[in-house]
1. Return only the number of the condition from (1) within 30 Å of A:GLU446 (Cα to Cα); (2) in a loop (DSSP other than H, G, I, E, B) that A:PHE381 does not satisfy.
2. Check A:PRO22 against each of (1) more than 15 Å from B:CYS70 (Cβ to Cβ); (2) at the interface with another protein chain (Cβ under 7 Å from one of its Cβ atoms); (3) touching a strand residue (DSSP E or B) at 6+ places or on another chain (Cβ under 9 Å) and name the one condition it does not meet.
3. Scan the stretch A:1-14 for residues that are assigned to a loop (DSSP other than H, G, I, E, B) and either facing another protein chain (nearest Cβ under 7 Å) or among the aromatic types (Phe, Trp, Tyr) (or both) and report the count.
4. Mind checking which pairs have a first residue in the stretch A:30-48 that is touching a residue at least 24 places away in the same chain (Cβ under 8 Å) and more than 14 Å from chain B (Cβ to nearest Cβ) and a second that is assigned to a loop (DSSP other than H, G, I, E, B) and among the aromatic types (Phe, Trp, Tyr), Cβ under 6 Å, 6 or more apart or different chains?
5. Looking at the stretch A:566-580, which of the residues that are under 21 Å from A:VAL46 (Cβ atoms) and touching a residue at least 60 places away in the same chain (Cβ under 8 Å) is surrounded by the fewest Cβ atoms within 10 Å (Cβ to Cβ)?
6. Of the residues that sit in the stretch A:54-67 and are part of a strand (DSSP E or B) and more than 10 Å from chain B (Cβ to nearest Cβ), which one is nearest to the chain's Cα centre (by Cα)?
7. When the residues of the stretch A:638-657 are narrowed to those that are polar (S, T, N, Q) and at the interface with chain B (Cβ under 10 Å from one of its Cβ atoms), which ends up surrounded by the most Cβ atoms within 10 Å (Cβ to Cβ)?
8. Consider B:THR388 carefully, then state whether it is part of a helix (DSSP H, G or I), within 22 Å of the chain's Cα centre (by Cα) and either among the hydroxyl-bearing types (Ser, Thr, Tyr) or closer than 20 Å to B:ALA289 by Cβ (or both).
Amino acid sequence: MSLRRALGLDTRPERYAYAVDPTIGYTARRKIPDRWVRTTCGYCSVGCGMFVGVKEGRAVSVRGDLDHPVNAGMLCPKGLSEHETIHAANRARFPLLRGRDGLERVSWDDAIGTMVRKFREVQASYGPQTVGVISTGQLVTEEFYTLGKLVQLGLGTPNYDGNTTLCMSAAVAGYKRSFGSDGPPGAYDDLERADVIFLIGANIADNHPILWQRLEANPGKTLIVADPRVTKTAMLADLHLPVKPRSDLAMINGLIHIVIARELIDREYIAAHTTGFDALRESVREYTPERVAEITGLSVENLHRTAWLYGNARAAFIGWTMGVNHSTKGTETVNAINNLALITGNIGRSGAAPFSITGQCNAMGTREAGFTSSLPGYRHFASAEDREDLAALWNVPVEQIPTARGLPYPDIIEAILDRRIRALWIIATNPIVSFPNLGVLRQALETVDFLVVQDGFHPTPTSTLAHLVLPAAIWGEKEGTYTNSERRISKVNRAVEPPGEARTDFDIFLDVAAALGCRERLFPGWTTPEDAFEEWKRVSAGRLCDYSGMTYDAIEALGGIQWPYPAGHADAAETRRLYTDGRFQTEDGKARLLPVTWEPFPEQPTSAFPFVLNTGRTVEHWQTRTKTGQVPILDRLSPNAWLEINPRDARTLRLKPFDRVDVVSQRGRIRNLELRMTETVATGQVFVPFHWANANANQVTQSAFDPISREPNYKQCAVRVERTQRGTV
Amino acid sequence: MIALPLLKRATEDGVTFLLTPARAASSTSFTVATALAREATPARMPPRALAPGEQYRFHFDMATCIGCKCCVVACNEQNGNPAAINWRRVGEIEGGWYPRTQRAYLSMGCNQCLEPTCLSGCPVDAYAKDPVTGIVLHSADACIGCQYCTWNCSYGVPQYNPERGVVGKCDMCHGRLALGQTAACVSACPTGAIQIEIVKIAEWRAAASASAPAAGVPAGDQSLSTTRITLPVDLPPNARAVDLLRVAPADPHWPLVAMTVLTQLSVGAFATIWLLQLLGASTRLGVAALTSLAVGALALAASTLHLGRPIYAYRALKMWKRSWLSREVLLFTAFSAVACLYAAALWTGLPGGVLVGALTVALGIGGVTASACIYCVPSRPAWNTPLTLVQFNLTAAMLGPLFAAASGAGNPRWLAIVSATMAGIILVVLTLRFFRLSASDSVELQASARLLSTTLASRLVVRGVLLVVGAIALPLFTADPLIRWVSFATALGGETLGRYLFFISAVPKHMAAPYLGSEAA
């Protein structure tokens, strides 16, 4: 403290001065920028339009874009403080290579050279497929498109997947199975137009506050929420269905049973646009209301009421998130949702959609343009026509296009342990906090011969294990496009320069391509993301996710354009839905009704592990807190992890509010959680947020994956709760 | 562009106002006007200008708030405050039984009270209630960082910023209102749960005393909060603030511990000296008086360390007509001055000493009383009792004779009997005080009792032992002059520890807080 401050002569008036900004009016003077850069929020997939305020090369403030069709100027608390992520203290600034004394600074040439040499050595010794790549939902579409080509055609390994498999692969697989293609069919506008909104395993009031705002704008809606927790969304619902954990599939089959029995279905739509109705009807015969009531814990009356409300709705919307997806039955639960929507004709119309609310800001972009679970443009590996189409567009021999997808994320981890994968490239994700069953993952990352972590932040719990750290630019430092949950392409722009020597992921990919010697073959003449965008437009042309009518300028001007937007299409700004004509992406153009069967979740509670653990989020934090943990206000508002337990269970365990507890499963222990006794969880269930590295929920979660989508079953595992022993923390 | 309601009224009525149209006009360009007019959602701003007898207030709709805390983040961004200071905060209230559970959120900035106690207690007149808008404004320039307002507010609204050495508070984004913008929190709320509206002052005043507060909403006190809260219709009967069982010790305020104990010692010592003089004793009175004077000076020096801006300590004299803090400063300053004369009289043996001594003692007791009155504030229920007054004076009455005895003035036996008697009364007061805490219905008093009987229990026991040993056992059962100093020091230690416990065990009244720990109560 200076003497002037100690005496009280200096109250830092400059720092706390106010001034008037021409755009935002009266505000703290140091928050007033020299210029505003229009962009899209980089946290979740809602895709809010915003401006970043830049002053002397630093991002000092943000504001919502009043003209943006998604958020009309509003932002959530993460968005409102997003500029703070850019100048965080733990940004990765220089390439680092592991030497005798740990990670040491090297030049970019050394870094890329070493990486390519190591990868090529591994591939030469053990085969091309022994290099694995795990990417993210955080990059811009242009980067995903570039990375897909680079990995599959340049590096030549099919074992490439994203962390998106951890959050919405069940939705992707479910859509593909039902409709023949990925792609959420609805629009946010449906939230304002539906007369029944049915949210399943989705707490949008906490996790998508801006979508909640859209929903609230619908005065005539009836809101039904199925969730085992009494979330804020559930509290605000007209009807809350407190289902037992992972009984959602039985609930939906039960609702299908009732709507068929009571003739609340659209026979005309079923006949014209679906196949498999008879088999579906047979399959749900055993899901009588009484049996479903027993499985779900819901009353028969509430099942009838829900079926009646949904079946009689003029337009019914089903939204879901991780309650459905984080499950070994996730894909089939999505199919059950699609079944219900299809047989009641609640798809392809205003207000009516089975709608997956996606997670990351550009998970949708990697689904469309990436090269992981599909060929770019929702093309199928198995389709010779699709492969030839792509080979022609790229001017490469068709033999170079893989005929099947490589290993999904969990299988890449398993393959590392089997030594089938020897080198791994991780891009913009933090598996040490986000991947289930930490012990197994840690062993894999410590086993791999060469681990490259490319991230905007270092150290992270994952980057500290790396042999090579590549510092990347993050949101606010690069240009490209994101696709949000409603298939809206929005522009993200560079507001400030990346710190130190950090480069955009796009530039890193081109550098790797150059070192691999494939840059001119795969990316001829490319220097900017727009070059990738122009090629991607051609690749997407004629596909469901058709970008061909878009330009950067048009996207920018409109605050985003929804696909499909083919060249020559008239109205860019109109709200677009998929399957409005009842034609689906299957061979016969009809949607498939798929019989699916409920099963109990894999790890049932026992006397040693009597509680079912549920995991989830809090509004202040994003994923593994790599960013939000660095934002002082968010860290203050939500400083530590906690455990929610019903007061009756807590009393049995002789625990008091604010006690410190451990959560223990067969696989590990989360230490030192703050105990929250609350009636928002049922007896026999407990809840832990998954954001914190120092109280990592994945120390107890299990290696159980959906056989179809490979999405992990994060949501239910058997645990016990113990008082934290002093001295163990 | 919408009308600027507060400027319009100001112009019409021609009253003195704190908003200067010149400032607003000079900085308001056409672009500002259009952009801002678009931003201000009509439903969230009063549609008309204020009429006489009206002021602005916040309306908070608990039924639509989703607890996203956008308001908190937007407020910190608007005012450039560090993360630890939140002029708007969101608390949680929960009730019901699974699955019929309700969790409601309470978002509060400043309540723009009709009779703001932050203002009435401020010793330097740093607060003003804007005659046009009714907004309670605070001037960082005038503030000396005494933090008395942070004790006077039952809602924890003014917050001390150690980086600046001054307090700050929510001013309803007064500067934005002047430009026709709405407050940052109002503007950022995705559900429109926060609004600014007009209140008719007389009607609200009449209704305020009658209305019972909802669970988790702090009971109104004499400050008359203007915030209107719409409660959810289905709030369960057992709904209550979620942080009730989280009790953390408060700031010990070490400079104030030192200041209060030492001023009381000094006053007690002068009172003893004066009584001894009246009774005809004359041994070493001058030495004792000089030493007491030094102690008093030390106490006043310690008090300035509590200020964020010690160099402006003199400003604290300003509001003696209204603020107990000003009165305390005034009385102790006068006490010190007259005590100098008295010490000089004793030293030189000049006549009139007894009269000057009487004045010294009267001013001293006045000062100690003013000190105690500072702590008798509704927002600190643990302090808000006549026992505080009794306790402060007893400290003086117990330490004074011990000090005189140690200095060698007067008959040690009689002095020992006096100090032991006072110590006995202190023990009774302490017991009463603890009984008052634990027997109370008040959440805050129960929490104080819980703190004292758990986290602070060992410190409380030590405090009692020091008192008994220093002020009863040693003086009564030993006669060694050196032991008299030990006895005095032990008793002084006991009182210091006691005062420290007084500060850290005071659980403030506060709005519901979030469950997780780091946010200030």
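1. For A:PHE381, the failing item is (1).
2. So A:PRO22 meets the others, but not (3).
3. Within the stretch A:1-14, the first condition is being assigned to a loop (DSSP other than H, G, I, E, B), and the residues that meet it are A:1-2, A:8-14.
Still in the running and either facing another protein chain (nearest Cβ under 7 Å) or among the aromatic types (Phe, Trp, Tyr) (or both): A:8-9, A:11-12.
Result for the stretch A:1-14: 4.
4. Every condition considered, the pairs that remain are A:GLY42/A:TRP475.
5. Restricting attention to the stretch A:566-580, the residues satisfying the condition of being under 21 Å from A:VAL46 (Cβ atoms) are A:572-578.
Now restrict to residues that are touching a residue at least 60 places away in the same chain (Cβ under 8 Å): A:573, A:575-578.
Numbers: A:ALA573: 12, A:THR575: 16, A:ARG576: 20, A:ARG577: 21, A:LEU578: 25.
Filtering first and then ranking leaves A:ALA573.
6. Applying the first criterion (part of a strand (DSSP E or B)) to the stretch A:54-67 yields A:54-55, A:58-64.
Imposing the further condition that a residue be more than 10 Å from chain B (Cβ to nearest Cβ) reduces the set to A:54-55, A:58-59.
Working: A:VAL54: 28, A:LYS55: 32, A:ARG58: 28, A:ALA59: 25 Å.
Going through the qualifying residues, I end up with A:ALA59.
7. Residues of the stretch A:638-657 that are polar (S, T, N, Q), as a first pass: A:638, A:640, A:646, A:652.
Cutting the leftovers down to at the interface with chain B (Cβ under 10 Å from one of its Cβ atoms) gives us A:638, A:640, A:646.
Numbers: A:SER638: 25, A:ASN640: 16, A:ASN646: 22.
Here the residue is A:SER638.
8. Numbers: part of a helix (DSSP H, G or I): yes; within 22 Å of the chain's Cα centre (by Cα): yes; either among the hydroxyl-bearing types (Ser, Thr, Tyr) or closer than 20 Å to B:ALA289 by Cβ (or both): yes.
Here the answer is yes, as B:THR388 does meet what is asked.
The values are calculated or read from the model by the stated rules, or taken from the named source; none is laboratory data. Keep in mind the model is a prediction, meaning the values are calculated, not measured. When we count neighbours, we look across all protein chains shown, and the Cβ atoms used for this are built from the backbone with ideal geometry, even at glycine.
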